[in-house]
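Beneath this line is the structure, given in structure tokens, with notes to follow.
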Amino acid sequence: QQPVQSPQAVILREGEDAVINCSSSKALYSVHWYRQKHGEAPVFLMILLKGGEQKGHEKISASFNEKKQQSSLYLTASQLSYSGTYFCGTALSGGSNYKLTFGKGTLLTVNP
Amino acid sequence: DTAVSQTPKYLVTQMGNDKSIKCEQNLGHDTMYWYKQDSKKFLKIMFSYNNKELIINETVPNRFSPKSPDKAHLNLHINSLELGDSAVYFCASSGSGQGFLLLHFGNGTRLTVT
């Protein structure tokens, strides 16, 4: 089951904040966030396991609400280098949790 | 050293032809994957191998046949190419334990079928 990401696209000015959401209709084992720049491969940002933990990576952090099966990616004080498409990938709880299914992506554009 | 390498980077071919994409990883990972990214950037899993054994086979036409000669290599052969096969194909690998499903992607192979 493909997770749903929102918004589809965000345009920011440098220094502004953004939140990207990812939700699933199924119970999740883990949520993964990746960033893909134009013409490049997706690059891993962080994993969140069930348990509601929050993780951070420089000025990018994420949370996982296990009860709601939702994850949010927080980008604070955005930099030009944050531009790209952000994908959440989800692994389901119980049984086949060895497959990562990606959402449709959120295109983030940071302008000077 | 490149962690996950794919060849070729670009592949332009005509409908009906057969082509292969090769992938190699030097990370010592047990699991390798093929993902397809279409023109709308949707990343969809196709196949996954763990220690040379096929563990995921999504709804993919049987014109696509993966082959894993050893756990460091996963190749993709496509028969009778169709226009709809045009996409970027990404190979990826992941380790075990906490690294499981932490995907390391290759740089992709852009396949164009004319």
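Each reported figure results from applying straightforward, stated rules to the coordinates on display, with no laboratory input. Predicted model, so just to flag it, every value in this text is computed and none were measured. Because the Cβ atoms are built from the backbone with ideal geometry, glycine has one as well, and the counts that use them run over all protein chains shown.
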Discussion item. Using the crude model of +1 on Lys and Arg Cβ and -1 on Asp and Glu Cβ, and no other charge, please compute the dipole size for the stretch B:4-113 relative to its Cα centre, in debye to 20.
Written reply: 240 debye
Discussion item. Just to verify a number: FRET efficiency for B:LYS67 and A:LYS26, C-beta to C-beta distance, R0 = 41 Å, to 0.05?
Written reply: 0.85
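Computed from the mean reciprocal separation of all distinct C-alpha pairs, what Kirkwood hydrodynamic radius does the protein assembly as shown have, in Å? Provide the component values of the computation, followed by the final result.
Values: mean 1/r = 0.0553 Å⁻¹.
For the protein assembly as shown, inverting the mean 1/r across all distinct Cα pairs yields 18.1 Å.
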Fill in: In range of the label at A:LYS67: residues from the stretch A:2-24 whose backbone nitrogen is under 17 Å from the point 7 Å along Cα→Cβ
A:24
Discussion item. Starting from the Kirkwood Rh over alpha-carbon pairs, what translational D in µm² s⁻¹ does the stretch B:64-114 have by Stokes-Einstein at 25 °C and 0.890 mPa s?
Written reply: 193 µm²/s
Item to complete: Can you tell me the FRET efficiency between B:LYS41 and B:SER96 if r is taken as the Cβ-Cβ distance and R0 is 45 Å, rounded to the nearest 0.05?
Response: 0.95
Response to the item:
For A:LYS67, counting only lysines whose alpha-carbon sits under 28 Å away and dropping same-chain residues fewer than eight positions off, the answer is A:LYS26, A:LYS50, A:LYS55, A:LYS59, A:LYS99, A:LYS104, B:LYS44
Worksheet item: Near B:LYS36, which aspartates and glutamates are there with a Cα under 13 Å away, not counting those fewer than 8 places off in the same chain?
Response: B:GLU58, B:ASP85
Discussion item. Rounded to whole Å, give me the distance from the Cα center of the stretch A:57-112 to that of the stretch A:1-26.
Written reply: 7 Å
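Write down Rg/Rh for chain A, rounded to two decimals, with Rg from the C-alpha atoms and Rh from the Kirkwood relation over Cα pairs. Can you show the working numbers first?
On the way: Rg = 13.4 Å, Rh = 13.9 Å.
The Rg/Rh ratio comes out at 0.96.
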Response to the item:
One point scatterer per Cα, no solvent, Debye formula: log10 I(q)/I(0) for chain B at q = 0.10, 0.19 Å⁻¹ comes out as -0.26, -0.94
Worksheet entry | For the stretch B:1-46 and the stretch B:75-107, distance of Cα centres in Å | 5 Å
